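Below is one structure, written out as C-alpha cells, with a few remarks after it.
The values are calculated or read from the model by the stated rules, or taken from the named source; none is laboratory data. What you are looking at is a predicted structure, and each value in this text was computed from that prediction instead of being measured. No Cβ is skipped: glycine too gets one built from the backbone with ideal geometry, and neighbour counts run over all protein chains shown.
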Amino acid sequence: MYAWLKLSGLNESASEQMQDFAEKRGSGAEKIVNGAKEKGGAAMLTYHHFKVKLPVYSKVANGVFDFDNMKKEYVKTCTELHGHMENIEEMNQTKFQELVGKLEVLGELLIKSKDSQN
C-alpha cells in the first residue's frame, strides 16, 4: 500500500504520516475551495489559489508520490513564477494565485516528506 514512499526511503509509519497529512490538508483546502466558489467575486482568487492544490493532495493521500518528480515540478513552478518578475504587469491575478498555490502545496509536501523521515 505504501510502496511509493518506501521507494523514497520512508518507512511504513512515515508513509502513513504523509498520506494522513495530505488527506487532512486536502480536506481543508476543499472546504476553502467550496466556500470561496459559493461567495464568488473577490473570493474567486482564493478559489483558484486552493483549487490547484486539490489534485496534488489527492495523489499523495492515495499513495502516489515521487519525491524527485515532485521536486522537478516545484522547480518548474518556481521558474515559471520567477519568469514573470520582469513583466509582472502582464500576469493576471488568477494565474498568480494558481502558481503560488501550486508552489505552496509542492513545497509543503516535499518538506513534510523529509520531516516524516526523522
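Hey, among the residues in the range 1-39 that are under 20 Å from the mean Cα position of the chain (by Cα), hydroxyl-bearing (Ser, Thr, Tyr) and assigned to a helix (DSSP H, G or I), which one's modelled with the lowest pLDDT? Going through the qualifying residues, I end up with Ser15. The set of residues from the range 40-81 being not in a helix (DSSP H, G or I) and not aromatic (Phe, Trp, Tyr) comprises Gly40, Val52, Lys53, Asn62, Gly63, Val64, Asp66.
Taking the condition crowded, with 19+ Cβ neighbours inside 10 Å and in contact (Cβ under 8 Å) with a residue 40 or more places away in the chain, does Ala36 pass? For Ala36, the condition - crowded, with 19+ Cβ neighbours inside 10 Å and in contact (Cβ under 8 Å) with a residue 40 or more places away in the chain - is not met. Restricting the range 44-60 to residues that are charged (D, E, K, R) and at pLDDT 95 or above leaves a set whose member that is farthest from the chain's Cα centre (by Cα) is Lys51. On the given criteria, is Gly63 at pLDDT 95 or above, of a type in the set (Gly, Ala, Ser) and under 19 Å from Ser27 (Cβ atoms)? So Gly63 fails the test. Annotation: of all residues in the range 82-109 being part of a helix (DSSP H, G or I) and surrounded by fewer than 12 Cβ atoms within 10 Å (Cβ to Cβ), the one that is nearest to the chain's Cα centre (by Cα) is His82. If the condition is being farther than 23 Å from Leu110 by Cα and either among the polar types (S, T, N, Q) or modelled with pLDDT under 90 (or both), then the range 75-89 contributes Met85, Glu86, Asn87.
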